[in-house]
1. Can you name the residue in the range 190-223 that is in a loop (DSSP other than H, G, I, E, B) and under 24 Å from the mean Cα position of the chain (by Cα) and, of all such residues, is surrounded by the most Cβ atoms within 10 Å (Cβ to Cβ)?
2. Considering only the range 152-168, how many residues are buried (at least 24 other Cβ atoms within 10 Å of the Cβ) and within 21 Å of residue 67 (Cα to Cα)?
3. Would you check which residues across the range 179-193 are within 6 Å of the ligand (Cβ to nearest atom) and farther than 15 Å from residue 162 by Cα and list them?
4. Within the range 6-20, take every residue that is touching a residue at least 40 places away in the same chain (Cβ under 8 Å) and assigned to a helix (DSSP H, G or I) and give me the one that is farthest from the ligand (Cβ to nearest atom).
5. Among the residues of the range 101-123, count how many are surrounded by fewer than 20 Cβ atoms within 10 Å (Cβ to Cβ) and assigned to a strand (DSSP E or B).
6. Output yes when any residue across the range 68-81 is assigned by TED's automatic domain parsing to the domain that holds residue 172, part of a loop (DSSP other than H, G, I, E, B), within 23 Å of residue 270 (Cα to Cα) and more than 16 Å from the ligand (Cβ to nearest atom), and no when none is.
7. Do you know which residues across the range 7-54 are surrounded by 15 or more Cβ atoms within 10 Å (Cβ to Cβ) and on the phi > 0 side of the Ramachandran plot?
8. Tell me, please, whether a residue that is in the same structural domain as residue 169 (by TED's automatic domain parsing), farther than 30 Å from residue 140 by Cα and within 16 Å of the ligand (Cβ to nearest atom) can be found in the range 204-225.
Ligand code: T4K
């Protein structure tokens, strides 16, 4: 039994001295924010690392989604998934748009493209799928539907940094992708997020929106807000970025260990990674019933292991903020899914301990 509790995740942090080394420059310059040199460097370095065109670093992933909606100038219904974190929903609503839910595929856990067309009305302006747990959506099918109906596509790519589709960064799909660099994500700046687009005009617009609507001469040329990133956060990002490849590799290896060990376990199944290219940022298991999940959770908690029920409940059931509409697949999956601890610092013996606990359940 481990000495310390094992949580679902733990931030990956570069050695402290590597962070403070970068911070020395911040102290020397006295520039703390307003698109400082470290923010610019972080954006350039991430573009190089992911081989993408433009990356606009912002305060957090929720703001990134809101900025994407704002930059595309859409107002109306946005079709999205009920199987997501509440931020997807609230970002849509904060931008004065109406979320319309489209159910998910029971295997990939992503929005079901075959159900999309039935959700489209004359008021539909955009589609906002989520690459759930970093597993790529069917981007080609979604793109075809969007083109057919003249809709924008904004990916909630909060989990998807490091994921690829046909060898290219998944963040390049859609008109804009919004990612999260929160402490719990594969690559973090403590709090943080980013908008990614291939479109140069949108890129420039996103930068203006982030900074109150200023153009380069500081004239206000459009409505913006404060989505800026501090130099301290950028310094952390630059320190952590050096470990990006080893973190990806480590996640994949640990994902494989869980999968191999739990594959013969009758009563659980796994998310289907249909197109490959996942970043293995979470390890979800789907139980046959909620009762089995609760048993497993109880057993793990007793041993100070704390997996998480991402995403529970399905957000279409959050009646404090939306009108309920039944989404049978998402609601069912949300009740039966549990994410196991998966992070860079998770030790081999800790992972083995978790596996053994679950296997005990199988044999009981
Ligand atoms: N879209 C989607 C699909 C998302 O999943 C999210 C966020 C967003 C949009 C919005 O992105 P942001 O605006 O957040 O950038 C976490 C995160 O807060 C959230 O970013 C994430 N998704 C969501 C799925 O999970 P909690 O409530 O589970 O976090 P918490 O505090 O319970 O942390 C989980 C575990 O991580 C803890 O048991 C311990 C560990 N931890 C956590 C923090 C914050 C640490 O060791 N250190 C830390 O600093 O929400």
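The values are calculated or read from the model by the stated rules, or taken from the named source; none is laboratory data. Keep in mind it's a predicted model, so treat the numbers as computed, not measured. Cβ coordinates were reconstructed from backbone atoms using ideal geometry, including for glycine residues, and neighbour counts include every protein chain displayed.
1. In this case the residue turns out to be 192.
2. Residues in the range 152-168 being buried (at least 24 other Cβ atoms within 10 Å of the Cβ) and within 21 Å of residue 67 (Cα to Cα): 8 in total.
3. Answer for the range 179-193, where residues must be within 6 Å of the ligand (Cβ to nearest atom) and farther than 15 Å from residue 162 by Cα: just 183.
4. Step by step, filter the range 6-20, then rank; the result is 18.
5. 0
6. Among the residues of the range 68-81, not one is assigned by TED's automatic domain parsing to the domain that holds residue 172, part of a loop (DSSP other than H, G, I, E, B), within 23 Å of residue 270 (Cα to Cα) and more than 16 Å from the ligand (Cβ to nearest atom), which makes the answer no.
7. 35
8. yes
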